[in-house]
1. Given the residues Ser111, Ser130, Ser96, which is the only one that is of a type in the set (S, T, N, Q) and touching a strand residue (DSSP E or B) at 6+ places or on another chain (Cβ under 8 Å)?
2. So Ala141 clears everything in (1) surrounded by 24 or more Cβ atoms within 10 Å (Cβ to Cβ); (2) in contact (Cβ under 8 Å) with a residue 60 or more places away in the chain; (3) of a type in the set (Gly, Ala, Ser) except one condition, right? Which one?
3. Quickly run through region 174-203 and pick out the residues that are out of contact with any Ser or Thr (no Cβ under 9 Å at 6 or more places or on another chain), part of a loop (DSSP other than H, G, I, E, B) and either open to solvent by less than 70 Å² (accessible area, probe 1.4 Å) or touching a residue at least 24 places away in the same chain (Cβ under 8 Å) (or both).
4. Which pairs turn up if I take residues in region 158-170 that are of a type outside the set (Phe, Trp, Tyr) and look for partners that are modelled with pLDDT under 95 and open to solvent by 20 Å² or more (accessible area, probe 1.4 Å) with beta carbon separation below 6 Å, at least 6 apart in sequence or on another chain?
5. Report the residue count in region 99-132 for those that are farther than 20 Å from Leu33 by Cα, open to solvent by 70 Å² or more (accessible area, probe 1.4 Å) and not charged (D, E, K, R).
6. Hey, could you check region 30-88 for residues that are hydroxyl-bearing (Ser, Thr, Tyr) and free of Cβ contacts under 8 Å to residues at least 40 places away in the same chain and say which is surrounded by the most Cβ atoms within 10 Å (Cβ to Cβ)?
7. Based on this model, can you work out whether Ala162 counts as under 21 Å from Gly30 (Cα atoms) and either of a type in the set (Val, Ile, Thr) or open to solvent by 20 Å² or more (accessible area, probe 1.4 Å) (or both)?
Amino acid sequence: MSAGGSDAMGKKRDAKEQAKRLVDADIDAGRGLARELHDHPVVKVAGWLSEVADQPPTVAINLTTIAIGLWRGDARLTRTGVRMLAAHGLATLAKSVIKANVDRARPHLFSDREDHRPKPGDTDEGPQNSFPSGHTAGALAVARAVAREYPGAAGPAYAGAAAVAAIQVPRGTHFPIDVAVGAVIGLVAEAVVARVLPVPDGS
């Protein structure tokens, strides 16, 4: 084998080892926080509140925003609702495709370490669909959509989305990497929608 081929194999091996260490740290953090905080009353209440970012409630909020905008004759609010609905829909589609092809046991199951490693699979069951965080993807997509139309509301919108994302780890539903990837999905989904539905000049 040539020196160049040996170097390439060595770099590939090092990259795999670094990825394994990252996932191991992710598993330790997720299981550790879930074990310590999963049953804490504050975490339980916050987790319950974060269910507003589940698909049915979020879709209802998006549709309600559109309806109120139409009722008031407020084009900007109506457009915001459409943007929220589209961004959330695209984020949901993206995370669903990934979940359908990646198996990862959720932290609160405290399964064998190998079960907590993301791996190719087609298990369509909630307990095995930790990766990525759909709640985070949807919450960030909607928050960014609101902030794009109403910059003054960016702070509260992002704070709400961040709260939804942050509670997923201690409540034991997701690992930190799941949340991070969910956030990226949400932001990218909204950015795609923004290319199709730009904010009109002067808004």
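1. Numbers: Ser111 fails: touching a strand residue (DSSP E or B) at 6+ places or on another chain (Cβ under 8 Å); Ser96 fails: touching a strand residue (DSSP E or B) at 6+ places or on another chain (Cβ under 8 Å).
Answer to the check: Ser130.
2. (2) is the only condition that Ala141 fails.
3. Once the filter is applied, which keeps residues that are out of contact with any Ser or Thr (no Cβ under 9 Å at 6 or more places or on another chain), part of a loop (DSSP other than H, G, I, E, B) and either open to solvent by less than 70 Å² (accessible area, probe 1.4 Å) or touching a residue at least 24 places away in the same chain (Cβ under 8 Å) (or both), region 174-203 yields Leu197, Val199, Pro200, Ser203.
4. Ile167/Ala46; Val169/Leu33; Pro170/Leu33; Pro170/Leu37
5. So the count comes out to 2.
6. First, the residues of region 30-88 that are hydroxyl-bearing (Ser, Thr, Tyr): 50, 58, 64-65, 78, 80.
Next, only the ones that are free of Cβ contacts under 8 Å to residues at least 40 places away in the same chain stay: 64-65, 78.
Values: Thr64: 11, Thr65: 22, Thr78: 18.
Checked region 30-88; the qualifying residue surrounded by the most Cβ atoms within 10 Å (Cβ to Cβ) is Thr65.
7. Numbers: under 21 Å from Gly30 (Cα atoms): yes; either of a type in the set (Val, Ile, Thr) or open to solvent by 20 Å² or more (accessible area, probe 1.4 Å) (or both): yes.
Yes, satisfied.
Table: residues versus (1) modelled with pLDDT of 95 or more; (2) more than 21 Å from Ala86 (Cα to Cα).
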residue	(1), (2)
Arg106	no, yes
Pro118	no, yes
Glu125	no, yes
Leu140	yes, no
Arg144	yes, no
Ile167	yes, yes
Ala191	yes, no
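The values are calculated or read from the model by the stated rules, or taken from the named source; none is laboratory data. Computed from a predicted model, the values in this text were never measured in an experiment. Neighbour counts are summed over all protein chains in view; Cβ atoms, including those assigned to glycine, are modelled from backbone coordinates with ideal geometry. Remember, those area values only see protein heavy atoms, side chains included, never the ligands or the DNA or RNA. Shrake-Rupley method; radii C 1.70, N 1.55, O 1.52, S 1.80 Å.
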